[in-house]
1. Could you list, in sequence order, all residues of segment 21-41 that are polar (S, T, N, Q) and assigned to a loop (DSSP other than H, G, I, E, B)?
2. Given the options Ser159, Ser213, Ser165, name the one that is modelled with pLDDT under 80 and farther than 27 Å from Leu81 by Cβ.
3. Filter segment 176-220 down to the residues that are of a type outside the set (S, T, N, Q) and open to solvent by less than 20 Å² (accessible area, probe 1.4 Å), then identify the one that is farthest from the chain's Cα centre (by Cα).
4. Given the structure, is Gln96 at pLDDT below 80 and under 20 Å from Phe7 (Cβ atoms)?
5. Restricting to segment 42-64, name every residue that is assigned to a loop (DSSP other than H, G, I, E, B) and modelled with pLDDT of 95 or more.
6. Identify the residue in segment 31-55 that is of a type in the set (A, V, I, L, M) and open to solvent by 70 Å² or more (accessible area, probe 1.4 Å) and, among all such residues, is nearest to the chain's Cα centre (by Cα).
7. Can you tell me how many residues in segment 9-23 are free of Cβ contacts under 8 Å to residues at least 24 places away in the same chain and open to solvent by less than 60 Å² (accessible area, probe 1.4 Å)?
8. For segment 70-175, please list each of the helices (runs of 4 or more DSSP H) lying entirely inside it that holds at least 3 residues being surrounded by fewer than 18 Cβ atoms within 10 Å (Cβ to Cβ) and not basic (Lys, Arg).
Amino acid sequence: TNPKNAFFANRYSFGGYLDLAYDVTKNFLLNGTARLEQYSDFGSAFVWKLSSRYKLDGDQVVFRSSISTGFRAPSLQQINLQGVQTTFTNGTLENQGIFNNNSTQVKQLGGAKLKAERSINFTAGIGFNPIPNFSVTLDYYNIRVNDRIILSSNIGAVSPATPASAGLNQVLTANNITTLNFFVNGIDTRTQGLDFVANYRNIEFGTGKLGISLSGNYTLENKVLNVFNPP
């Protein structure tokens, strides 16, 4: 293990949020939430959520919906991970390197610092409570994540005629490795699907009461929308 690949890193954050709810009518509720957070090593983040609920026939039928934004700062491991490992490939030993985005190696390749993942989320659902102790809910969700952080594929030596080949081949030679990779904001994704939950509570069972729950999820789509290739 090379001592140069050892890091000490820490992070702390301060945050505050505001939550407001308003009963437009007895059956119609609006709710809004905003949150601001400051990271010691990454800057600030602002996210919000708007949601609503509408009841019919008392509480027997409930419609609900929400739209919100999300934020995820790169983890300390994704920012700082660095090392070289030896693998046995096709009968030969090869050194494979992983470098963090603050390293001289990635900067030499033109790599950018990691950005935060940001998302926008939409949900809509309906709930039924036809009889006491029995409820059924069905919810649709749609989640889009931009600048999702992934580990790049292994990057090896390229032909000298390829643009930027000199810098890449120089990094490989100087570090005695055959391939390298690093974390990158590589893809935008969208996931949408359905969540189903049914509950039956307070069933007399011996000297106690029994509850039965049935839940399921069906993914309609899990798609990569955009792919951003590292330098």
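1. Thr25, Asn27, Ser40
2. On the way: Ser213 fails: modelled with pLDDT under 80; Ser165 fails: farther than 27 Å from Leu81 by Cβ.
Only one candidate qualifies: Ser159.
3. Quick first cut of segment 176-220, residues of a type outside the set (S, T, N, Q) only: 177, 180, 182-184, 186-188, 190, 193-198, 200-201, 203-206, 208-212, 214, 216, 218, 220.
Filter once more, keeping what is open to solvent by less than 20 Å² (accessible area, probe 1.4 Å): 177, 180, 182, 186, 188, 193, 198.
Details: Ile177: 31, Leu180: 24, Phe182: 18, Gly186: 13, Asp188: 11, Gly193: 16, Ala198: 28 Å.
Among those residues, the one meeting the criterion is Ile177.
4. Criteria not met by Gln96.
5. Correct list: empty.
6. Kept after step one, since they are of a type in the set (A, V, I, L, M), are these residues of segment 31-55: 34, 36, 45, 47, 50.
Okay, now just the ones that are also open to solvent by 70 Å² or more (accessible area, probe 1.4 Å), so 36, 50.
On the way: Leu36: 18, Leu50: 20 Å.
The qualifying residue nearest to the chain's Cα centre (by Cα) is Leu36.
7. From segment 9-23, those free of Cβ contacts under 8 Å to residues at least 24 places away in the same chain are 15-23; that's our starting set.
Checking the rest, the ones that are also open to solvent by less than 60 Å² (accessible area, probe 1.4 Å) come to 15-16.
Number satisfying all stated conditions: 2.
8. In segment 70-175, the matching helices (runs of 4 or more DSSP H) lie at 76-80, 165-174.
The values are calculated or read from the model by the stated rules, or taken from the named source; none is laboratory data. Remember, predicted model here, so these are calculated numbers, not experimental data. Note: ideal-geometry Cβ built from the backbone for every residue, glycine included; neighbour counts use all protein chains shown. Remember, those area values only see protein heavy atoms, side chains included, never the ligands or the DNA or RNA. Shrake-Rupley method; radii C 1.70, N 1.55, O 1.52, S 1.80 Å.
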